[in-house]
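Some notes on the structure that comes next.
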Amino acid sequence: MANTNITGILEKMTGKDKDYRYMATSDLLSELNKESFKADQDLESKLTNIVLQQLEDASGDVSGLAVKCLAPLVKKVNEERVVEMTDKLCDKLLNGKDQHRDTASIALKAVIVEVTTASLSEKILVSLAPQLINGVTNGKSAEIKCECLDILSDVLHRFGNVITKDHAYMLTALLTQLSSTQASVRKKSVSCIASLAPCLSDDLLAKATLEVIKLLKIKRAKSDITRTNIQMIGALSRSVGYRFGPHLAEAVPLLINYCTSASENDEELREYSLQVRIYVQFLP
């Protein structure tokens, strides 16, 4: 289809009638999925701007189709345009209206899944990681923090090995969230650190483990915080496997102590301790 016809579709996508917007967005999705589809630089800019605009459409059907457009769109535009898209989506997540946050999060995850080249993955990590970490540490709500942790976990799982110079500051920021007053933030932080752990140097892995062990040694800590740190030990050991071996001598006695000293009213703490203790005992 000629670029002039695509331009016509884009014009209909911004019309007042939601049915026309839906049909036009559906037509665009069909065109983007064609192998023969190509766009020049000017059209790339229009495509990305309008698709991102449609994510905030008042009609859920239209915004849902716009999300579906993102996956093929990533494959049709240049890397700089993809990075621009992820930056705008991240800004919507951090600073946009509450009703658009979920869509921005879903859209950002959809784009990340489609990133396959080393050069683009490095650009995405360099661009997104600082913004997501800022959202984790300074987010306006627990919901924003959790969304940022979810997406950062995905990014680290896929691209964590691409670049290592930012691992230290990311680890420091994430470790502070293990003491959050929000249980959801602590839980997501455990998963995020576990995604980062395989990419860490031995020194940074030791820093993470020793920090958690230090927190477990605080006898007056709240039981929910203690449970989080026990879960963190388990998540680290599962994530890095044999690399956790040097830390067993410190971790196992603490876990045994919590197994035996937890009060009768805190069966959950005893159960977590026992589960993690059994797992680390059989590390290769």
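Points worth noting:
- Considering the conditions (1) more than 20 Å from Ile9 (Cβ to Cβ); (2) touching a helix residue (DSSP H, G or I) at 6+ places or on another chain (Cβ under 6 Å); (3) modelled with pLDDT under 95, Asn78 is excluded by exactly one of them, (2).
- Search result, residues across the stretch 137-156 that are within 15 Å of Ser189 (Cβ to Cβ) and either at pLDDT below 90 or touching an Asp or Glu at 6+ places or on another chain (Cβ under 7 Å) (or both): Gly139
- Residues (hydrophobic (A, V, I, L, M, F, W, C) and either over 14 Å from Tyr169 (Cα atoms) or in contact with a strand residue (DSSP E or B) (Cβ under 9 Å, 6 or more places away or on another chain) (or both)) located in the stretch 193-217: Ala194, Ala206, Leu210, Val212, Ile213, Leu215, Leu216
- Residues that are assigned to a helix (DSSP H, G or I) and within 22 Å of Ser63 (Cα to Cα) within the stretch 108-122 comprise Leu108, Lys109, Ala110, Val111, Ile112, Val113, listed in sequence order.
- Qualifying residues in the stretch 140-182 (those that are over 23 Å from Ala110 (Cβ atoms) and of a type in the set (D, E, K, R)) - the one surrounded by the most Cβ atoms within 10 Å (Cβ to Cβ): Asp166
- Flag: Leu32 does not match the condition of being more than 16 Å from Lys68 (Cα to Cα) and in contact (Cβ under 8 Å) with a residue 12 or more places away in the chain.
- Total residues in the stretch 110-136 satisfying the condition of being farther than 12 Å from Val83 by Cβ and either at pLDDT 95 or above or in contact with a Leu (Cβ under 8 Å, 6 or more places away or on another chain) (or both): the figure is 8.
- Out of Ser105, Ser45, Ser63, one residue alone is more than 19 Å from Thr14 (Cβ to Cβ), among the small types (Gly, Ala, Ser) and assigned to a helix (DSSP H, G or I). It is Ser105.
- Looking only at the stretch 92-125, and only at residues there that are among the aliphatic types (A, V, I, L, M) and closer than 14 Å to Leu73 by Cβ, the one that is surrounded by the fewest Cβ atoms within 10 Å (Cβ to Cβ): Val113
- Residue match in the stretch 73-86 (condition: under 23 Å from Lys187 (Cα atoms), free of Cβ contacts under 8 Å to residues at least 40 places away in the same chain and either outside any helix (DSSP H, G or I) or of a type in the set (A, V, I, L, M) (or both)): no
Listed here are the residues, each with its yes/no results for (1) under 21 Å from Thr103 (Cα atoms); (2) in contact with a Ser or Thr (Cβ under 6 Å, 6 or more places away or on another chain); (3) surrounded by 14 or more Cβ atoms within 10 Å (Cβ to Cβ).
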{"residue": "Leu10", "(1), (2), (3)": "yes, no, yes"}
{"residue": "Glu31", "(1), (2), (3)": "no, no, yes"}
{"residue": "Leu47", "(1), (2), (3)": "yes, no, yes"}
{"residue": "Leu55", "(1), (2), (3)": "yes, yes, yes"}
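- Which numbered condition Ser179 misses (of (1) more than 15 Å from Leu125 (Cα to Cα); (2) under 15 Å from the mean Cα position of the chain (by Cα); (3) not basic (Lys, Arg)): (2)
- Residue check, Glu35 modelled with pLDDT under 95, surrounded by 16 or more Cβ atoms within 10 Å (Cβ to Cβ) and farther than 23 Å from Ala129 by Cβ: no
- The test for being of a type outside the set (Phe, Trp, Tyr), modelled with pLDDT under 90 and loosely packed, with under 13 Cβ neighbours inside 10 Å holds for Asp40.
- Flag if Cys192 is of a type outside the set (Asp, Glu), surrounded by 22 or more Cβ atoms within 10 Å (Cβ to Cβ) and within 17 Å of the chain's Cα centre (by Cα): yes
- Given (1) of a type outside the set (Lys, Arg); (2) touching a helix residue (DSSP H, G or I) at 6+ places or on another chain (Cβ under 7 Å); (3) surrounded by fewer than 20 Cβ atoms within 10 Å (Cβ to Cβ), number of the condition Ile230 does not satisfy: (3)
The values are calculated or read from the model by the stated rules, or taken from the named source; none is laboratory data. Keep in mind that this is a model prediction, so the values were computed, not measured. Glycine also receives a Cβ, built like all others from the backbone with ideal geometry; neighbour counts cover every protein chain displayed.
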